[in-house]
Amino acid sequence: MNRVLESTGTTPSVKIREGHIKILGRSIPTHNINFYHELLLILENYAVTAHNGTIVDIHFEYINCHSEKYMLKVFSIFEKMKQRGKKVVINWHYTTDDEPMFELGQIYHSLTEIPFNFIVNKTA
C-alpha cells in the first residue's frame, strides 16, 4: 500500500508505504475531523494489510491540543497492530530547542506499549 496525504500548511504530510509511515509538519487544522478521519481510515486499512514490521517516523513542527487527541487514536491503531503480533516502532523526532515536543513524545510513549526511539535533530 502506497499512499500520500500532502501537507496543507495546517495538516502534516503523511507518506505510507509497506513497512514505513512518515508524518511530518504542522498539525493545526481548523477541521481536525476531516483530516484525521481520513488518516484513521487509511491507517486502519494499512494495519489489516501490513505484512511485517512498521517503522513510524513522526516529526511535528507544531501540533495543537485537538490534534494531540486525534494522535492518541492513531497510536491506538499501532497498538492493535502490535497486539496482533506485528512489530511497530515509533521514531519520535524533535529539535534540540523544542522541549515541549520531546515531552509530548514521552507522554505518548508512557500511554502505549509501543517502542519509541527519541531522535533529536539539530535546529535549522
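For a test of the definition: using alpha carbon positions, the gyration tensor, and the 1.5 limit on a/c, classify the chain as rounded, prolate or oblate. Because a/c hits 1.5 or more and a/b fails to exceed b/c, the chain counts as oblate. If I build a Gaussian network model for the chain, linking alpha-carbon pairs within less than 10 angstrom, which residue out of 112, 11, 54 has the largest mean-square fluctuation? Result: 112 has the largest fluctuation of those listed. Counting only DSSP H runs of at least 4 residues, each contributing -39500 (n - 2.57), and dividing by the residue count of the chain, the helix-based mean residue ellipticity at 222 nm comes to -13000 deg cm²/dmol. For the range 78-120, the calculated P(r) over all alpha carbon pairs, in 5 Å bins from 0 to the bin holding the longest distance, is 6, 25, 27, 20, 13, 7, 3, 0 percent. In this calculation the C-beta distance from residue 33 to residue 3 is compared with R0 = 22 Å, giving a FRET efficiency of 0.70. Here the extension length gained between residue 55 and residue 17 equals 12.7 nm, from 0.36 nm per residue of separation less the Cα-Cα distance. By other beta-carbon atoms within 10 Å, ranking 88, 74 with the fewest at the front produces 74, 88.
Restricting the GluC sites (Glu not before Pro) of the range 15-100 to loop positions (DSSP other than H, G, I, E, B) with no more than 15 neighbouring Cβ atoms within 10 Å leaves 18.
Please report the net charge: other residues with Cβ closer than 15 Å to the Cβ of residue 48, K and R +1, D and E -1. With Lys, Arg at +1 and Asp, Glu at -1, the neighbours total +2. Assuming charge only on the beta carbon of Lys and Arg (+1) and of Asp and Glu (-1), the dipole of the range 3-121 about its Cα centre is about 560 debye to the nearest 20.
Bear in mind that the values in this text are calculations on the coordinates, not laboratory data. Note that the structure is predicted; figures quoted are calculated from it, not measured. Virtual Cβ from ideal backbone geometry, glycine too; neighbours counted across all protein chains shown.
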